1. Residues to consider are Ala84, Ala50, Ala93; find the one that is open to solvent by 40 Å² or more (accessible area, probe 1.4 Å) and small (Gly, Ala, Ser).
2. So the check is Cβ under 6 Å with 6+ separation or different chains; which pairs have a first residue in segment 100-113 that's within 19 Å of Asp159 (Cβ to Cβ) and a second one that's part of a loop (DSSP other than H, G, I, E, B)?
3. Of the residues in segment 160-174, how many are small (Gly, Ala, Ser) and modelled with pLDDT under 95?
4. Any residue that is part of a loop (DSSP other than H, G, I, E, B), free of Cβ contacts under 8 Å to residues at least 12 places away in the same chain and of a type outside the set (Val, Ile, Thr) - is there at least one of those in segment 131-150?
5. Would you check if there is a residue in segment 98-105 being more than 19 Å from Phe174 (Cα to Cα), within 17 Å of the chain's Cα centre (by Cα) and not hydroxyl-bearing (Ser, Thr, Tyr)?
6. Where in segment 1-97 are the helices (runs of 4 or more DSSP H), entirely inside, with at least 2 residues that are modelled with pLDDT of 85 or more?
7. Can you name the residue in segment 133-182 that is out of contact with any helix residue (DSSP H, G or I) (no Cβ under 8 Å at 6 or more places or on another chain) and among the hydrophobic types (A, V, I, L, M, F, W, C) and, of all such residues, is nearest to His200 (Cα to Cα)?
8. Let me confirm something: among Phe170, Phe162, which residue is of a type in the set (Phe, Trp, Tyr) and out of contact with any Ser or Thr (no Cβ under 8 Å at 6 or more places or on another chain)?
Amino acid sequence: MTAARTPRRAVAAADRTRQPTEVRRRLIVEAALPLIAERGYASVGVRDVAAAAGVSVGTVTYHFGSVQEILSEAMVLHIERYYAELSETAERADTGAEALRLLVDALFTEDTDRHWRMWFDYWNAGDQATDETFTRGQARRYEAWHQQIRGLAQRGVDDGEFTGDDLDGFTVRFAALADGLALQRLRQAPPLSTQDARRHLNRFIDTELARTP
């Protein structure tokens, strides 16, 4: 009498095909991004990511030490893409002043509300993070953003469009105002339109970086 065969476990397509480690990690990270956007950073678990990526939980835990590591890499990927697009937009400008205006326009659109939600989730996660790698990664994101703002302001000064003797201070205040307006925009308390958010930032630029006569 032939012994009954043990049914084989169904294996996801991504698990059936051997892939390089970096390819598999990228697959998992990419799958986590829409989950963060839909549910929020704190509401995504390992099983959620595994299901979205079409891999087993074991595959996820083999490649990543924690769900926070996955979500952190996903947010870094999202932020780098977002600010790369902002940089490309600014680089198309003929002058530093125009570049700053384009940056402001790109920061506040109906589509960027999704980015700001993810950004504040990531920001809040940093307050509770015990992983130094996570904290350092967050600090690098802020540093890169500040460098981008300052670079555009310096370009305007070099072009003779602006006068400013405290570009470091301008950078800090611009970034803080942008964050504050974004938070108000998301909470709508009080209501804030994208057009008004842009207007406030542009007025700040005009006040801080006086145009040359």
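1. Numbers: Ala50 fails: open to solvent by 40 Å² or more (accessible area, probe 1.4 Å); Ala93 fails: open to solvent by 40 Å² or more (accessible area, probe 1.4 Å).
Answer to the check: Ala84.
2. Listed by first residue and then by second, the contacts come to Leu102/Ala93.
3. So the count comes out to 2.
4. Pass one, segment 131-150, residues part of a loop (DSSP other than H, G, I, E, B): 131.
Now restrict to residues that are free of Cβ contacts under 8 Å to residues at least 12 places away in the same chain: none.
The answer is no, given that none of the residues of segment 131-150 is part of a loop (DSSP other than H, G, I, E, B), free of Cβ contacts under 8 Å to residues at least 12 places away in the same chain and of a type outside the set (Val, Ile, Thr).
5. As a first pass, look at segment 98-105 and keep what is more than 19 Å from Phe174 (Cα to Cα): none.
No, segment 98-105 has no match at all.
6. Working: elements: 13-16, 21-39, 46-53, 57-63, 67-91.
Result: 21-39, 46-53, 57-63, 67-91.
7. Out of the qualifying residues, it is Ala176.
8. Phe170
The values are calculated or read from the model by the stated rules, or taken from the named source; none is laboratory data. What you are looking at is a predicted structure, and each value in this text was computed from that prediction instead of being measured. Reconstructed Cβ throughout: ideal geometry from the backbone, glycine too, with neighbour counts over all protein chains shown. SASA here: full protein model, heavy atoms, side chains in, ligands and nucleic acids out. Shrake-Rupley method; radii C 1.70, N 1.55, O 1.52, S 1.80 Å.
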